[in-house]
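Undergrad: Dropping a structure here in structure tokens format, bear with me for questions.
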Amino acid sequence: MRELKILATALGKVEEFYDPFTSRGHVREVVDLSLRLAGLCGLPNDEITLSALLHDVGKIGIPQVILGKVEPLTKEEFEVIKTHVEVGYRITIDLGFPPNVSFIVRHHHERLDGSGYPDGLKGKEIPLKYQIVAVADTLSALCGERPYKRAYKREEALQILFEEAKRGKWDMELIKLLELVY
């Protein structure tokens, strides 16, 4: 497991350098938030750590011109962005990461209401481990500056997540736990 963590850490760094428009430290923040949430939920750390380190590794398969675009993405460009989860899944499978880690990488953009991707999973189809990495990734992204948006303050970002939870996108209890650990 130690070797896999070293490899996952290295791949997370590669992704952050490849995508210079994602705030530096995003991967580390997703790991930290995911581990705190997993701890409160009584889940083991190993899969969560590896999944959080690798969640966006598939972005190395996305053209940088799309990743760094300031204007709104076209429908076609967003479809390209969405492929990063499948690319990440294939990378992690090919490198021998545990299947559960690869599944979390593939499904970290799924949402409880079925609005996520790549498979539009809903409700109980989305295990808690997937939800933890997803919500940690989303909070970090909201609080980080991007070429196309300002960084939200902590309170603003949490309010967005609470509103989305009210509409069924997130598990409300998980968002309440997130507020405790962030």
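Undergrad: I want to check the label-to-label distance for Lys176 and Glu125. Put each point 7 Å from Cα in the C-beta direction and report it in nm to one decimal.
TA: The two pseudo-label positions are separated by 2.7 nm.
Undergrad: Could you work out how much longer the chain between Asp113 and Lys13 gets when fully extended? Use 0.36 nm per residue separation minus the Cα distance between them, nm to one decimal.
TA: 32.8 nm
Undergrad: Calculate how large, on average over all directions, the projected area of the Cα convex hull of the chain is; give the answer in nm² to one decimal.
TA: Answer in nm², one decimal: 9.4.
Undergrad: Express the relative contact order of the chain as a whole percentage, based on alpha carbon pairs under 8 Å and six or more residues apart in sequence.
TA: After rounding, I find 22 percent.
Undergrad: May I pose another question? Check the straight Cα-Cα distances from Lys122 and name the aspartates and glutamates below 19 Å, setting aside those fewer than 8 residues away within the same chain.
TA: Glu86, Glu110, Asp113, Asp137, Glu163, Glu164, Asp171, Glu173
Undergrad: Okay, next question. As a test of the definition: which semi-axes, in Å, follow for segment 1-88 when you take the square root of five times each eigenvalue of its alpha carbon gyration tensor? Largest first, please.
TA: So the three semi-axes of segment 1-88 are 26, 14, 12 Å.
Undergrad: Build a GNM of the chain with springs between Cα atoms under 10 Å: which of Ile160, Ile48, Ile60 gets the top mean-square fluctuation?
TA: Ile160
Undergrad: Given Pro99, Gly88, Asn45, which one lies farthest toward the positive end of the charge dipole of the chain, if we put +1 on the Cβ of every Lys and Arg and -1 on the Cβ of every Asp and Glu?
TA: Going by the Cα projections, it comes out as Asn45.
Undergrad: Mind checking which helices in the chain clear 20 Å along their axis (Cα) and have mean Kyte-Doolittle hydropathy of 0.0 or more, DSSP H runs only?
TA: 2-18, 26-41, 128-143
Undergrad: Taking 0.36 nm per residue of sequence separation and subtracting the Cα-Cα distance, how much length would be gained by fully extending the chain between Asp32 and Phe78, in nm to one decimal?
TA: Gain on stretching Asp32 to Phe78: 13.8 nm.
Undergrad: So if I place +1 on the C-beta of Lys and Arg and -1 on the C-beta of Asp and Glu, and nothing else carries charge, what would the dipole magnitude of segment 100-182 be about its Cα centre? I want it in debye, nearest 20.
TA: For this selection, approximately 120 debye.
Undergrad: State log₁₀ I(q)/I(0) for segment 127-182 at q = 0.18, 0.24 Å⁻¹ as given by the Debye formula over alpha-carbon point scatterers of equal weight, solvent excluded.
TA: For the requested q values the scattering log ratios are -0.56, -0.95.
Read-outs: derived from the displayed coordinates by stated rules, not from any lab. From a predicted model like this one, the values you see are computed outputs, not experimental measurements. With ideal geometry, Cβ positions are generated from the backbone for all residues, glycine too; neighbour counts draw on all protein chains shown.
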